[in-house]
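Asker: To start, I am sharing the structure in question, which I have written as structure tokens.
Every number here is computed from the coordinates shown, using simple stated rules; none is lab data. Quantities reported herein were computed from a predicted structural model and do not represent experimental measurements. Don't worry about glycine lacking a Cβ; one is built from the backbone with ideal geometry, like all the others, and counts go over all protein chains shown.
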Amino acid sequence: MAKLTNLYCREILDSGANPTVEVGAILDDGSTAVASVPSGSSTGSHEAKELRDLDTNRYLGMGVLKAVGNINTEIAGKLVGQQVMSVASIDKQLIDLDGTPTKSRLGANAILGVSLAMTKALAISAKQQLFRYVAS
């Protein structure tokens, strides 16, 4: 079991030149992982909702600085310092913290970015390849 010592995020551009989040997670054993979330193109009524800034002066309103801020403040404030039992426990905390059925308050992009970075960091900590860690 590892403790999360740092969680940070920044806005980057994905392979389609769309703004997205890049999340880094550092555990107390030195395991470090970074994950980014490519922007989705699905818009179904039951889809999880990306949080976009809607500031037309930046990236035609597609910026993700609100999601970045949510990770760097609220989500990091909740998770940093905790012993991490499992990815499932992190995911449950993120879903509960968001409190909406579509992940729209914190942003599905923020929640997924944190979950991916934590999964990768925990796999590194367990000295397992990511696919083996996820399958276990």
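Asker: Tell me the relative contact order for the chain as a rounded percent, counting alpha carbon contacts under 8 Å between residues six or more apart.
Answerer: 31
Asker: Can you give the FRET efficiency to the nearest 0.05 for Gln128 and Arg58, using r as the Cβ-Cβ distance and R₀ = 41 Å?
Answerer: After rounding to 0.05, the efficiency reads 0.55.
Asker: Please compute the length gained on full extension between Arg10 and Thr32, using 0.36 nm multiplied by the number of residues separating them and subtracting their Cα-Cα distance.
Answerer: Extending this stretch completely gives an extra 6.3 nm.
Asker: Can you check what the net charge comes to around Pro38, using other residues whose Cβ is under 12 Å from the Cβ of Pro38 (Lys, Arg +1; Asp, Glu -1)?
Answerer: Within the 12 Å Cβ shell, the charges total -3.
Asker: Let me know the shape class of region 45-96, please: from the alpha-carbon gyration tensor, a ≥ b ≥ c as square roots of the eigenvalues, rounded when a/c is under 1.5, otherwise prolate if a/b is greater than b/c, or oblate.
Answerer: Note, shape of region 45-96 comes out oblate.
Asker: Which residues make up the longest stretch of the chain clear of trypsin sites (Lys or Arg not before Pro) that lie in a DSSP loop with no more than 15 other Cβ atoms within 10 Å, not counting the sites?
Answerer: Longest site-free region, per DSSP loop and neighbour criteria: 1-57.
Asker: Here's something else I'd like to know. Testing the spin-label approximation: label points 7 Å from Cα along Cα→Cβ at Ser89 and Thr102. State their distance in nm.
Answerer: 3.2
Asker: Check which residues have an amide H placed less than 5 Å from Ser104's amide H, if you skip close sequence neighbours.
Answerer: Long-range HN contacts for Ser104: Lys49.
Asker: Same structure, new question: In the chain, with Lys and Arg counted as +1 and Asp and Glu as -1 at Cβ, which of these residues, Thr100, Ile26, Phe131, has the Cα nearest the positive end of the dipole, that is, farthest along it?
Answerer: Projecting each Cα onto the dipole axis, the largest value belongs to Phe131.
Asker: Nothing charged except the Cβ atoms of Lys and Arg (+1) and of Asp and Glu (-1): what's the magnitude of the dipole of region 25-119 about its Cα centre? Round to the nearest 20 debye.
Answerer: It works out to roughly 220 debye.
Asker: Same structure again: Taking springs between alpha-carbon atoms closer than 10 angstrom, which of Ser15, Ser115, Ser45 fluctuates most in the Gaussian network model of the chain?
Answerer: Top of the fluctuation ranking is Ser45.
Asker: Net charge near Ala110, counting Lys/Arg +1 and Asp/Glu -1 over other residues with Cβ under 10 Å of its Cβ?
Answerer: Result for the neighbourhood of Ala110: 0.
Asker: Can you show me the helix-derived [θ] at 222 nm for the chain, built from DSSP H runs with n ≥ 4 at -39,500 (n - 2.57) apiece and divided by the number of residues, rounded to the nearest 500.
Answerer: The per-residue figure over the chain is -9500 deg cm²/dmol.
Asker: Kindly write out, for region 71-85 in residue order, the coupling ³J(HN,Hα) from the Karplus curve 6.51 cos²θ - 1.76 cosθ + 1.60 (θ = phi - 60°), rounded to whole Hz, with x marking Gly and Pro.
Answerer: With the stated coefficients, region 71-85 comes to 5, 6, 10, 5, 5, 4, x, 7, 9, 5, x, 7, 6, 9, 7 Hz.
Asker: Through the Karplus equation 6.51 cos²θ - 1.76 cosθ + 1.60, θ set to phi - 60°, convert the phi angles of region 93-103 into ³J(HN,Hα) values in whole Hz; use x for Gly and Pro.
Answerer: Taking θ as phi minus 60°, the curve returns 4, 5, 5, 5, 5, 5, x, 10, x, 10, 6 Hz for region 93-103.
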